[in-house]
Amino acid sequence: MIEFVKGSVAYVCAEYITLDVSGVGYKVHVPNPFFYREQDEHVIVFTHHYVREDQQTLYGFRSRRERELFNKLLGVNGIGPKGALAIVASGDIDALIDAIETENEKYLTKFPGVGKKTAKQMALDLKGKLSELAPDYVPQTGLFAQGASELDEACEALVALGYSEREIARVRKELNSEILTTDAYIKRALQLLLK
């Protein structure tokens, strides 16, 4: 219904942000509210209008890809909007898709409110249905193919070196903000992993 909201960030708290759009404040629940800071310049937040008998809530995302993942997660039995938002907040969509495709329960159960039963349900409901979110994903190898970013290639190299998905996900969060070559990513990741 509402594709996006464009406005200045008027308020930020742990659960939501308020966007000022021409003098009207929209309360938008977002995965990582503190990513947004109160500012005068306009931001675009892609939205999902969640409607139930007893509530109407706007959920917002930095990209259409994040929003689409949220929508897919809502279709899983046992996952509501708060749970889906917490999963999207992890920020690593590619790692999540890989965990679903490989039915990696250990990775999926690290999210709040996701137990073994829900993790199995996620894999059952979503396996093979996330291709538009990760067009470079190659199911046979569990890796991202040509067109993958240098960071993805570096993560694949770390897998080949024997590092666990959890270790790689931890350093990937720190590396997301850097723009490096594949070799430089690997070198930096190894420095972080050996700390």
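Checked against the criterion of being open to solvent by less than 60 Å² (accessible area, probe 1.4 Å) and either in a helix (DSSP H, G or I) or touching a Lys or Arg at 6+ places or on another chain (Cβ under 8 Å) (or both), the range 34-42 contains not a single residue that satisfies it. For the range 43-53, the criterion of a residue being hydrophobic (A, V, I, L, M, F, W, C), under 15 Å from Ala86 (Cβ atoms) and either loosely packed, with under 13 Cβ neighbours inside 10 Å or touching a strand residue (DSSP E or B) at 6+ places or on another chain (Cβ under 9 Å) (or both) is satisfied by no position.
Results for (1) among the small types (Gly, Ala, Ser); (2) modelled with pLDDT of 90 or more, shown as yes or no for each residue.
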| residue | (1), (2) |
| --- | --- |
| Gly7 | yes, yes |
| Val21 | no, yes |
| Arg37 | no, no |
| Glu41 | no, no |
| Ile44 | no, yes |
| His49 | no, yes |
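Asp98 meets all of the listed conditions (1) farther than 21 Å from Tyr16 by Cα; (2) touching a Lys or Arg at 6+ places or on another chain (Cβ under 7 Å); (3) open to solvent by 10 Å² or more (accessible area, probe 1.4 Å) but one, namely (2). Do we find a residue being of a type in the set (S, T, N, Q) and either under 20 Å from the mean Cα position of the chain (by Cα) or exposed (fewer than 13 other Cβ atoms within 10 Å of the Cβ) (or both) anywhere in the range 11-26? The answer is yes, given that some residue of the range 11-26 is of a type in the set (S, T, N, Q) and either under 20 Å from the mean Cα position of the chain (by Cα) or exposed (fewer than 13 other Cβ atoms within 10 Å of the Cβ) (or both).
The values are calculated or read from the model by the stated rules, or taken from the named source; none is laboratory data. Model, not experiment: these values are computed from the prediction. No Cβ is skipped: glycine too gets one built from the backbone with ideal geometry, and neighbour counts run over all protein chains shown. Areas reflect the complete protein model, heavy atoms only, side chains present, ligands, DNA and RNA absent. Shrake-Rupley method; radii C 1.70, N 1.55, O 1.52, S 1.80 Å.
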